[in-house]
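Encoded as structure tokens, the structure appears first; notes follow it.
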Amino acid sequence: MICLVENVKELLKAHEGITHEVYLDNENSTMVPKEVVDAMLPFYSQKAYGNPTLTHKPGWEAFETIMGCQKEISQSIGAKILEELTFTPGETEANNLALMGTAFAMKKQGQENRDFRNRAHKRSARCRDAAKYGFRVVKSPVDREGIVDLEQLKENVDKDTVLVSISRVNNELGTIQPIEEAVAIVKDRSREVVFHTDASDTYGRIPFDVQNLKVDLATISSYKILGPRGIGALYIREGVNVERILEGQIGTQRLWPGVENTPLIVGFAKASSWLFRISKPTPNACVI
């Protein structure tokens, strides 16, 4: 590690004196514009810095602020009610909540031997975790362009399947998956199958609406839309059963314990509203 640090120091030294910079790695993390940073700063020490579940002015301010941000982001993805959106510390945590939370819910119903099917390499570890709890994990293949094979997906989904997860956009290839067709195939096989999509590389870039796609669960993230790192969200359609994967103090977010990070939530909402004002997008696998 010390050697790596020294190497990085040398690389940075080689860039000294450069007057112009072009950053082309926005898929991995975006810079946070001053407008978003300025929106966040007051919530660290001037207002709404309290715990939103406690009865004092800073707490009430925090509660009101979080609910306002939750409403704004919910509306931007087409969620019907506020409670369909759960804030998490990021995209990874939201995906874990989606996959493992569904697995735990199914296990609670005595369905631990049913299938956890997937087509998304980033979630392979989470799928392996599901296997530890007795779920059978099935990977559905893709073609040479990275598009999920819908005919094979149809063959893979059966009466034992409980969850399918397919990323809307592949973060490395840029492949846009036919989620609407995949959902139709899966739901035609069984209305009980939960369908999840990781929309972190979709949200704010191309039209994305959970009602149009008819997905049950959807992951979105802040740091890919000019917002701060450390905050993401999971859309959970009303009526879909997802269990908590962590225990602890429950606040405004029923499925994610701990005191909410109000400044980051504000930054997420600000970046979302800022980006959507500019682009004005219009609405438009892991398998268990």
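The values are calculated or read from the model by the stated rules, or taken from the named source; none is laboratory data. Note that this is a predicted model, so its numbers are computed, not measured. So basically every Cβ, Gly included, is an ideal-geometry build from the backbone, and we count neighbours across all protein chains shown.
Miscellaneous remarks
- Test for residue 11: is it of a type outside the set (Ser, Thr, Tyr), within 25 Å of residue 171 (Cβ to Cβ), over 23 Å from the mean Cα position of the chain (by Cα) and exposed (fewer than 10 other Cβ atoms within 10 Å of the Cβ): yes
- Lone qualifier among 98, 125, 94 - being modelled with pLDDT under 90, on the phi < 0 side of the Ramachandran plot and of a type in the set (A, V, I, L, M, F, W, C): 125
- Residue match in the range 25-47 (condition: part of a helix (DSSP H, G or I), closer than 23 Å to residue 170 by Cα and out of contact with any Asp or Glu (no Cβ under 9 Å at 6 or more places or on another chain)): no
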